[in-house]
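Taking it in order: structure first as structure tokens, then the write-up.
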Amino acid sequence: MENKGKYYITTAITYTSGKPHIGNTYEAILADSIARYKRLEGYDVYFMTGTDEHGQKIEEKAAAKGVTPKEFVDDVAGVVKGLWDMMGTSYDRFIRTTDEDHERQVQKIFKKLYEQGDIYKSTYEGLYCTPCESFWTESQLKDGKCPDCGREVKPAKEEAYFFKMSKYADRLIEHINTHPEFIQPVSRKNEMMNNFLLPGLQDLCVSRTSFKWGIPVDFDDKHVVYVWLDALSNYITGIGYDAEGDYSDRYKKYWPADLHLIGKDIVRFHTIYWPIFLMALNEPLPKQVFGHPWLLQGGEKMSKSRGNVIYADDLVRLFGVDATRFFVLHEMPYDNDGVITWELVVERFNSELANVLGNLVNRTISMSNKYFDGFVSQTGVTEPVDEDLKTVVISCRDKVSAKMETFRVADALTEIFALFRRCNKYIDETEPWVLAKSEDKKERLSEVMYNLVESICIGANLLKPFMPETADKILMQIHGTERDYDLLDQYGLTAPGTKVTEEPKALFARLDVNEIMAEVEKIRAAQKAEYEKEAGISEGEEKETDVINIEAKPEITYDDFAKLQFQVGEIIECEEVKKSKKLLCSKVKIGSEVKQIVSGIKAYYKPEEMVGKKVMVLVNLKPATLAGVVSEGMLLCAEDAEGNLALVTPEKPMPSGAEIC
């Protein structure tokens, strides 16, 4: 097969503050599927991932555990690498920012930028978010908190080195405008241009003195290199960049990167900071940065405090590696956040993997053994339905490749499963069990079984980048061959007389959702115990939730309050909003009037639970359209420290329409 050239793909390096959940692990799986598919197409792929291991948060977490920062990150990096290996990620290098070659080059990069005047020393005074390791001005805060994570910020002042971002801003704007493919999806590009670049860039703090766990600035050792200059540089240090020009052959071959695959929350750092650093180093920019959406648990971000964290190793224990890979790849939209729940994983496992794929392979092998002792051969006895099947099968490769070209991986998987569905339909159309009853239909039956085996073989080859173990199992059971990409749009390459396995082994056995949820409860209980231990909550002690302090809003007068009309309402109907993962639409009877109210409470209430509830309603709120549905008021809810919502309801029975005053 023709070599199509090099392809260098990276993930964001994972911060070693703790064990990554499935939303973080998704990125490694996504990158692996792209890397594997590029190899299938004939590219010389280099795939790098790894861990980001410096910073104040690490220093604090290590101190709390009574270990050194290096001991702490060694442990967490081992956990991350173990998860990536378990999920079958075929990386070429797992880089750590504590690796000696990386640290040495970061020091050289810092010094080079300083000596050429791009970095200067000054004093920083601002508001600092420790979890994000970011400084903010008052105007950048959102409701007085960090605009990235929503946590508290604290005033900080210290001597620091700064990078002259504005020096390269116009050049970056021109690059983005002339390279529309550089930032994907387009919505991320618009956000970067409108929110950050066009309003003007401030100089960036690139060193710290308030903590020590970092790469020392070798000519001013009370400073350590700040996170983004350290972390982002891994993409070039990991393949042999040298700030003095002594590049490795690997760097010369693979840079610039073809794809930086990152989460949407760090697009700014990869499409503004990183390109500007590269411009200052006089190095080519990466060809493309793709900011993928988040995978949310039931529509929410995962956090230990909420008790809704799902980890890859728990999913693998209950469903297997490839089923986990399938779910996160298949369920993640291109530009919107995806949703994962335990129940949804079971549903997809049974409907897609057990029913569509597993059943197809099992039936095909069983019938081949029953009717022909496992041997498959073409006879040339065809019917029009065969051509329709072949058209679907031989067109699948190009359809999948078109989707993969734009990283629409979920759509690519859907195309492959459309092939398997067409095979199942072909069985129903040809009815092999009926053909088997007539001796004069034997050659037709043989052709049918051959078509099924050949189609499954092509499908399994296309499936391999996404579900490698499953693809290998299928090919082994049908004694199919791995085929070059160039042959995957050709039909009829299964050798006549090929013999399938005598005893088919179930690829995916149907699961009982109740049994799975019983195991999930054990997982949740273990997580709760671990969280309480980390939070210092002793056994039998309840975490304090009855007191929450929130930031006070400006005082209002009674006249302001009197403008708001609150009444008791009774929910008489409720349904999910089809275009939304978060919204419920309720019909609320308020006196003799019925209002339609849309609320973002789908994660906390099922529609059937809502019906019959007496609720408190803000009645005279101006109507708004949410996800295409008009909302004519607001249901009042209370929110705890973990973000859980509960409807506010009257303490005693009250009639619908009663005024709340």
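The values are calculated or read from the model by the stated rules, or taken from the named source; none is laboratory data. As the structure is a prediction and not an experimental result, all values here were calculated from the model. Here the Cβ positions follow ideal geometry from the backbone for every residue, glycine too, while neighbour counts run over all protein chains shown.
Values as computed for the structure displayed
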{"read-out": "Subset of the stretch 562-586 (residues that are acidic (D, E) and either within 30 Å of D335 (Cα to Cα) or touching an Asp or Glu at 6+ places or on another chain (Cβ under 6 Å) (or both))", "value": "E575, E576"}
{"read-out": "Index of the failed condition, E443 passing every other in (1) closer than 22 Å to F375 by Cβ; (2) modelled with pLDDT of 95 or more; (3) under 39 Å from the mean Cα position of the chain (by Cα); (4) acidic (D, E)", "value": "(3)"}
{"read-out": "In the stretch 328-369, the residues that are closer than 18 Å to A460 by Cα and not in a helix (DSSP H, G or I)", "value": "none"}
{"read-out": "Leading residue by the ranking (surrounded by the fewest Cβ atoms within 10 Å (Cβ to Cβ)) among those in the stretch 396-434 that are over 27 Å from D258 (Cα atoms) and of a type in the set (S, T, N, Q)", "value": "N424"}
{"read-out": "Which numbered condition R317 misses (of (1) crowded, with 18+ Cβ neighbours inside 10 Å; (2) among the charged types (D, E, K, R); (3) within 19 Å of K19 (Cα to Cα))", "value": "(1)"}
{"read-out": "Residue within the stretch 638-656 that is surrounded by 17 or more Cβ atoms within 10 Å (Cβ to Cβ), of a type in the set (S, T, N, Q), in the same structural domain as S592 (by TED's automatic domain parsing) and more than 30 Å from R151 (Cβ to Cβ) present", "value": "yes"}
{"read-out": "Residue check for L419: in contact with a Phe, Trp or Tyr (Cβ under 9 Å, 6 or more places away or on another chain) and assigned to a helix (DSSP H, G or I)", "value": "no"}
{"read-out": "Residue under evaluation V227, criteria (1) within 28 Å of the chain's Cα centre (by Cα); (2) at pLDDT 95 or above, criterion not met", "value": "(2)"}
{"read-out": "Residue check for G492: at positive phi and modelled with pLDDT of 90 or more", "value": "yes"}
{"read-out": "Filter result for P504 (in a loop (DSSP other than H, G, I, E, B) and surrounded by 14 or more Cβ atoms within 10 Å (Cβ to Cβ))", "value": "yes"}
{"read-out": "Some residue of the stretch 63-72 being within 30 Å of A460 (Cα to Cα) and either of a type in the set (G, A, S) or touching an Asp or Glu at 6+ places or on another chain (Cβ under 6 Å) (or both)", "value": "no"}
{"read-out": "Close pairs (7 angstrom Cβ cut-off, 6 or more residues apart or separate chains): surrounded by 14 or more Cβ atoms within 10 Å (Cβ to Cβ) in the stretch 561-585, part of a strand (DSSP E or B) and at pLDDT below 85 anywhere", "value": "L583/L626"}
{"read-out": "Enumeration of residues in the stretch 435-490 that are surrounded by 18 or more Cβ atoms within 10 Å (Cβ to Cβ), in a loop (DSSP other than H, G, I, E, B) and touching a Lys or Arg at 6+ places or on another chain (Cβ under 8 Å)", "value": "K464, P465, F466, M467, L488"}
{"read-out": "Filter pass, R408 being touching a Phe, Trp or Tyr at 6+ places or on another chain (Cβ under 6 Å) and of a type in the set (D, E, K, R)", "value": "yes"}
{"read-out": "Residue ID - nearest to I571 (Cα to Cα), chosen from residues in the stretch 634-647 that are of a type outside the set (D, E, K, R), modelled with pLDDT under 90 and outside any strand (DSSP E or B)", "value": "N644"}
{"read-out": "Strands (runs of 3 or more DSSP E) completely within the stretch 578-633 that count 3 or more residues being under 22 Å from I660 (Cβ atoms)", "value": "584-590, 593-599, 614-618"}
{"read-out": "Failed item in (1) surrounded by fewer than 15 Cβ atoms within 10 Å (Cβ to Cβ); (2) in a strand (DSSP E or B), with F219 passing the rest", "value": "(2)"}
{"read-out": "Conditions (1) of a type outside the set (A, V, I, L, M, F, W, C); (2) surrounded by fewer than 15 Cβ atoms within 10 Å (Cβ to Cβ); (3) in a loop (DSSP other than H, G, I, E, B): number failed by G88", "value": "(2)"}
{"read-out": "Every pair of residues 6+ apart whose Cβ atoms lie under 6 Å, when the first sits in the stretch 115-133 and is more than 15 Å from R208 (Cβ to Cβ) and in contact (Cβ under 8 Å) with a residue 40 or more places away in the chain while the second is of a type in the set (G, A, S) and buried (at least 17 other Cβ atoms within 10 Å of the Cβ)", "value": "D118/A280"}
{"read-out": "Every residue from the stretch 606-661 that is touching a residue at least 40 places away in the same chain (Cβ under 8 Å), out of contact with any helix residue (DSSP H, G or I) (no Cβ under 8 Å at 6 or more places or on another chain) and of a type in the set (D, E, K, R)", "value": "K613, K614, D640, E659"}
{"read-out": "Every residue from the stretch 82-110 that is under 17 Å from R208 (Cβ atoms) and more than 27 Å from the chain's Cα centre (by Cα)", "value": "E103, V106, Q107, I109, F110"}
{"read-out": "The one condition in (1) surrounded by 15 or more Cβ atoms within 10 Å (Cβ to Cβ); (2) in contact with an Asp or Glu (Cβ under 9 Å, 6 or more places away or on another chain) that P623 fails to fulfil", "value": "(1)"}
{"read-out": "Enumeration of residues in the stretch 176-216 that are in a helix (DSSP H, G or I) and among the basic types (K, R)", "value": "R188, K189"}
{"read-out": "Positions within the stretch 615-661 being charged (D, E, K, R) and under 21 Å from K587 (Cβ atoms), in sequence order", "value": "K622, E632, E659"}
{"read-out": "Residue ID - farthest from D170 (Cα to Cα), chosen from residues in the stretch 194-216 that are among the charged types (D, E, K, R) and surrounded by fewer than 22 Cβ atoms within 10 Å (Cβ to Cβ)", "value": "K212"}
{"read-out": "Sole residue being closer than 19 Å to R421 by Cα and without any contact (Cβ under 8 Å) to a residue 12 or more places away in the chain, chosen from A506, A518, A471", "value": "A471"}
{"read-out": "Check on A257, over 29 Å from the mean Cα position of the chain (by Cα) and either touching a residue at least 60 places away in the same chain (Cβ under 8 Å) or surrounded by fewer than 17 Cβ atoms within 10 Å (Cβ to Cβ) (or both)", "value": "no"}
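This table checks each residue for (1) modelled with pLDDT of 95 or more; (2) more than 18 Å from D230 (Cα to Cα); (3) polar (S, T, N, Q).
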residue	(1), (2), (3)
G55	no, no, no
P69	yes, no, no
K81	yes, yes, no
M87	yes, yes, no
D92	yes, yes, no
Q105	yes, no, yes
K111	yes, no, no
I119	yes, no, no
L127	no, yes, no
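Residues checked against (1) buried (at least 19 other Cβ atoms within 10 Å of the Cβ); (2) free of Cβ contacts under 8 Å to residues at least 40 places away in the same chain; (3) not β-branched (V, I, T):
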site: N336; (1), (2), (3): no, no, yes
site: F349; (1), (2), (3): yes, no, yes
site: T364; (1), (2), (3): yes, no, no
site: F372; (1), (2), (3): no, no, yes
site: D388; (1), (2), (3): no, yes, yes
